[in-house]
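Notes to accompany the following structure.
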Amino acid sequence: MSTSEQILAAARTRAAGEPYAGAVTPAEAYALLQADPKVKLVDVRTNAERDWVGRVHIPEGQHKAVQWVMYPGGAPNPEFAHELQGVTDKDDVVLFLCRSGVRSRHGARVATELGYRNAFDILEGFEGDKDAQGHRKTVGGWCKAGLPWIGA
């Protein structure tokens, strides 16, 4: 069994009973992206979050931005399903990322409902949870894991 297969098997057990394929850690997500150029990362944060906080630094063809909610106001993105279409083949692995791991679960669920068979949530998100001082990027997440990202 390859490392990618091992990661996906573990991810499936982490999200047993969820309405999507599984959940990967940020480091596992990065390993999957490195191993297979067909793996895609969908960043469901708002455009403002990506512009002001930062974004993942992975090859251009491996990521797509599809807002779950709109900024300002936080209204649901009425075009989410439409914008998600064509990201990749519905059998390929699609990894969903948000700030702390909540909106990404919704994105993975909707992708599954649209027929994506391998939609995975990225646990902890880009910034992770807040620490005792209310700061992010210190407790979990893509940034805390030391994975490549570009600051705002």
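Please treat every number below as a calculation from the coordinates, not as lab data. Small disclaimer: the values here were computed from a predicted structure and weren't measured. When we count neighbours, we look across all protein chains shown, and the Cβ atoms used for this are built from the backbone with ideal geometry, even at glycine.
The length gained on full extension between residue 114 and residue 77, counted as 0.36 nm times the residue separation minus their Cα-Cα distance, comes to 11.7 nm. Working ranking of peptides 60-66, 105-111, 29-35 by packing, defined as the average number of other Cβ atoms within 10 Å per residue, highest first, is 105-111, 29-35, 60-66. For residue 120, the residues 5 or more places off, or on other chains, whose built amide H falls under 5 Å of its own are 94, 95, 96.
Taken along the Cα-to-beta-carbon direction at a fixed 7 Å, the label points for residue 18 and residue 92 span 2.1 nm. A Cβ-based charge dipole, computed about the Cα centre of the chain with Lys and Arg at +1 and Asp and Glu at -1, lands at about 260 debye. For the stretch 60-74, the residues whose backbone nitrogen is under 17 Å from a point 7 Å from the Cα of residue 145, taken along Cα to Cβ, are 62-64.
Full extension of the chain between residue 69 and residue 6 gives 19.4 nm of extra length, using 0.36 nm per residue less the Cα-Cα distance.
Rounded to the nearest 500, the 222 nm mean residue ellipticity of the chain from helices alone is -8500 deg cm²/dmol, with -39,500 (n - 2.57) taken per DSSP H run of at least 4 residues.
Computed over the alpha-carbon pairs of the stretch 3-151, the distance histogram in 10 Å steps reads 12, 45, 35, 7, 0 percent, short to long. Per residue, the convex hull spanned by the Cα atoms of the stretch 63-142 measures out at 91 cubic angstrom. Past the 25 Å Cα-Cα mark, which pairs from 40/130; 40/137; 90/130; 90/137? In this structure, 40/130; 90/130; 90/137 exceed 25 Å between Cα atoms.
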